[in-house]
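Working notes, structure below.
Just so it is clear, none of the values below were taken in a lab; they were calculated from the coordinates. Not measured: the values here are computed from a predicted model. No Cβ is skipped: glycine too gets one built from the backbone with ideal geometry, and neighbour counts run over all protein chains shown.
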Amino acid sequence: METDVVTGAFGFIGRYITRHLLNSGRQVRTITTHPDKPNPFGNAVKAFPYNFNKPDELIESLHGASTLYNTYYIRFEYGGATFKQAVENTITLFDCAKKAGIKKIVHISVTYASEKSNLPYFAGKGLQEKALIGSKLPYSIVRPTLVFGREDILVNNIAWLIRSFPLFPIFGSGQYEVQPIYVEDLAAIAAASANDSKSGTLDAIGPETFTFKEFLQLISSKLSPNTKLVHTPPLMSIFLGKIIGLAIGDIVLIKEELEGLMDGLLTSKQAPNGATRFSEWLEANKDIVGKAYTSELGRHYRWRSSS
Ligand SMILES: NC(=O)c1ccc[n+]([C@@H]2O[C@H](COP(=O)([O-])OP(=O)(O)OC[C@H]3O[C@@H](n4cnc5c(N)ncnc54)[C@H](OP(=O)(O)O)[C@@H]3O)[C@@H](O)[C@H]2O)c1
């Protein structure tokens, strides 16, 4: 039985790629910042630390595997974690994968990743892609738009805010678009791309396109019809996000994320390749989505095995 390595199998997208691979009869190992986190796959998935500073150990954890599915990155700079370091760590990971004999890397990037972007998240993603292409290993770069699913943070927390407050801001005009992709569809696209004989880059896009205003109206209509959506200048939205963040001890909204959203970077010019409609998924999951807040800082920076 062939073995693959998935980084972040206890996180969001990595968890679904792992499940997809296990269901296809493959063995999976994971590399994670938190190998001691509760393992949803039990004995089926063994966890190893990222070990960016101990390349020999990182090589050992990759050794003998066929494909590396890489989800590693950071959402924003915080507590010493920087985009520059995340890119350097990714280069180390790709280098170790090559030395370990990995045959192909499937890398989860983002739509419009570009080293020339003035948004650090997208620029770092562009540098990750450049490093992978430069590694000369066979690769598939999969670039999702906005990803939704039960364990997601962004859509879930928008839903939580809509449920929790009488008002929710439409950032600016709200006329920029989103094309959300379901996480299981993304996992299937990523796994299928591992079988491509040629290296290449493809977007992962859901079948529905919404203006952001329509997206919020849909969430509000299903989860909290009395919440009023109010056009708010972007800077005011950032300010509100900071106040809520201070109150709940998390980073809710980043200025650069908002700029990326408003620049339409969570869309694609390619034809949709995911089948699951956000509107139908939301209807089926309306009793769960946004019921609890999911903290980004809690998930990545404050988690302790004793907590
Ligand atoms: N979620 C989306 O809507 C979306 C959209 C487009 C692109 N992407 C990309 O898809 C990939 C996976 O994202 P995801 O949503 O599945 O995130 P995730 O669950 O947070 O997974 C990210 C991976 O990076 C690791 N990581 C290490 N330090 C981190 C830090 N300081 N902050 C966050 N993660 C850290 C995580 O470690 P642990 O294993 O310890 O959790 C995990 O292995 C990322 O490259 C992301 O940029 C996501």
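Using the Cβ-Cβ distance between residue 198 and residue 248 with R0 = 41 Å, the FRET efficiency computed as 1/(1 + (r/R0)^6) comes to roughly 0.35. Highest mobility in the GNM of the chain, judged by mean-square fluctuation with C-alpha springs under 10 Å and restricted to 266, 137, 235, is found for 235. In terms of its alpha-carbon gyration tensor, region 127-277 comes out prolate; a/c meets the 1.5 threshold, and the first ratio a/b outweighs b/c.
Considering only Cα atoms, the convex hull volume of region 229-307 works out to 180 Å³ per residue. The sum of -39500 (n - 2.57) across all DSSP H runs of n ≥ 4, divided by the residue count of the chain, sets its helix-only mean residue ellipticity at 222 nm to -12000 deg cm²/dmol. Pairs from the table (130/255; 84/286; 213/269; 84/222) lying more than 30 angstrom apart at Cα are 84/286; 84/222. Relative to the compact-globule estimate of 2.2 N^0.38 Å, the Cα radius of gyration of region 115-216 comes out at 1.30. Stretching residue 287 away from residue 230 to a fully extended chain increases their span by 18.1 nm, per 0.36 nm per residue minus the current alpha-carbon distance.
Starting from the Cα gyration tensor of region 72-123, take the square roots of the eigenvalues, sort them a ≥ b ≥ c, and report rounded, prolate or oblate (rounded when a/c is under 1.5, otherwise prolate if a/b is larger than b/c, else oblate). Verdict is oblate for region 72-123.
Taking other C-beta atoms within 10 Å as the exposure proxy, 139, 72 rank 72, 139 from fewest upward. When only Cα pairs below 8 angstrom with a gap of at least 6 residues are kept, the chain shows a relative contact order of 17 percent.
When both bridge partners sit in the chain, DSSP labels roughly 10% of those beta bridges antiparallel. Of all the options 257, 280, 77, the one that moves most in a Gaussian network model of the chain with Cα springs shorter than 10 angstrom is 280.
In the distance distribution for region 169-253, Cα-Cα pairs more than 14 Å apart total 74 percent. Among 302, 15, 26, the order by Cβ neighbours within 10 angstrom, fewest to most, reads 302, 26, 15. Here the alpha carbons of the chain define both size measures, Rg and Dmax, at 19.0, 57 Å.
Pairwise Cα distances in region 53-171 exceed 17 Å for 63 percent of all pairs.
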